[in-house]
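The values are calculated or read from the model by the stated rules, or taken from the named source; none is laboratory data. Computed from a predicted model, the values in this text were never measured in an experiment. A quick note on method: Cβ atoms are made from the backbone with ideal geometry, for glycine too, and the neighbour counts reach across all protein chains shown. When the accessible area is computed, the model is the full protein with side chains, heavy atoms only, and any ligands, DNA or RNA have been set aside. Shrake-Rupley method; radii C 1.70, N 1.55, O 1.52, S 1.80 Å.
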Amino acid sequence: MSEKADISILGCGWLGLPLAETLVNSGKRVKGSTTSPAKLEILEQKGIQPYLVNLQPEAVDEMALADFLEADVLVLNIPPKLRSDGGSNYLEQLNLLLKAMLDSPVKKVLFASSTSVYNDLNRIVTEEDTALTKESDPGYALLRAEKLFMDREEWLTTIVRFAGLVGEDRRPGRFMAGKKDVPGGDAPVNLIHREDCVLILKRIIEQEKWGEIYNACSDVHPMRKDFYPAATMALDLEPPTFLEMAETNFKLISNQKLKDDLPYVFQYPDPMHFF
């Protein structure tokens, strides 16, 4: 057994790695997991204690997982592949993790979730909303995963429901370039920059904000028909065109609770200034 860490981050990828670096730089002892052997050295170079953790039932190394879970706080940051199997494999992995956690000293869990758990309600959506996704919706597995950890008495869980993640190599203009007659142009965008994601997660840990649910989304919500042409032109790509529609289904994610509670001021409040 290695010594106990302050924080273990399950999933040191696009979001988990910069979070781990930020926490290490603030003096925290951090363990980080990856499923890629080639990435272990990268973690170590950044002062993160590296672990190869694979939660596929046939591939799990129980000793490595138990060692990784020797920590006060567990950050859960493994995005599900919901479209391929409806999230069943994701839930299987999380159940395996949860079983291992019962024998661990983890007392606090920070769960990176998504605003996809909310239905399109054609209005502002807050954490109090109960109109959440149904079993047939892609976000349903995430909702079940949240509940899996929130319902336990062995630890306190805070859920952060992130809007669409952008920043660095995730350039929102790329996947819309050149598209024609795109529906939903009048819908507001719900996005958040990676830098804000990292600082919000760090602030929750520092402020000991446990047992909460927070929506994490930038302040401003430009319409899709304004945002995506600007995002594509910033990359010198062909802008998309949008259909004129009589009715648009949307949700506008409120971040007010997060701003009041932490309190937090966004580094990137307006997606129009992301690029």
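General observations
- Per residue, the average separation of C-alpha pairs within less than 8 Å and at least 6 apart gives the range 3-159 a relative contact order of 21 percent.
- Each Cα pair under 8 Å and six or more residues apart adds its separation to the average, and for the chain the resulting relative contact order is 17 percent.
- Between helix 88-101 and the chain: long-axis angle, C-alpha atoms, 0 to 90°, nearest 10: 30
- Angle of helix 224-233 to the longest C-alpha principal axis of the chain, folded into 0 to 90 degrees and rounded to 10: 80°.
- Taking the empirical scaling 2.2 N^0.38 Å for compact globular proteins as reference, the range 52-190 has a Cα radius of gyration ratio of 1.21.
- When the solvent-accessible area of the chain is split by element, carbon and sulfur atoms take up 49 percent of it, the probe being 1.4 Å.
- Ligands, DNA and RNA are left out, and with a 1.4 angstrom probe the accessible area of the range 6-140 is 48 Å² per residue.
- Distance between modelled label sites at VAL182 and LYS147, nm, 7 Å Cα→Cβ extension: 3.4
- Accessible area per residue, Å², the range 163-275 with all protein chains present, probe 1.4 Å: 48
- The amide H of ASP61, built 1.01 Å from its N in the peptide plane, has ASN54 as neighbours under 5 Å, considering only residues 5 or more places off or on other chains.
- Solvent-accessible area of ASP181 with every protein chain in place, 1.4 Å probe, in Å² to the nearest 10: 90
- Distance cut-off 19 Å, percentage of C-alpha pairs in the range 118-275 lying past it: 59
- Mean separation of Cα contacts under 8 Å, 6 or more apart, over the residue count of the range 100-187: relative contact order %: 37
- Antiparallel content of DSSP bridges confined to the chain, in %, to 5: 10
- Computed from Cα positions, the angle between helix 194-207 and the longest principal axis of the chain comes to roughly 50 degrees.
- Structural size metrics of the range 108-158, computed from C-alpha coordinates, are Rg and Dmax of 11.8, 37 Å.
- The percentage of C-alpha pairs in the range 192-262 whose separation is greater than 14 Å is 70%.
- When the C-alpha to C-alpha distance is required to be over 30 Å, the pairs from LYS81/LYS107; LYS81/LYS202; LYS202/LYS251; LYS99/LYS259; LYS31/LYS209 that qualify are LYS99/LYS259.
- Overall size of the chain from C-alpha positions, given as principal axis extents largest first: 61, 39, 38 Å.
- GNM top mover of ASP151, ASP186, ASP219 - the chain, alpha-carbon springs below 10 Å: ASP151
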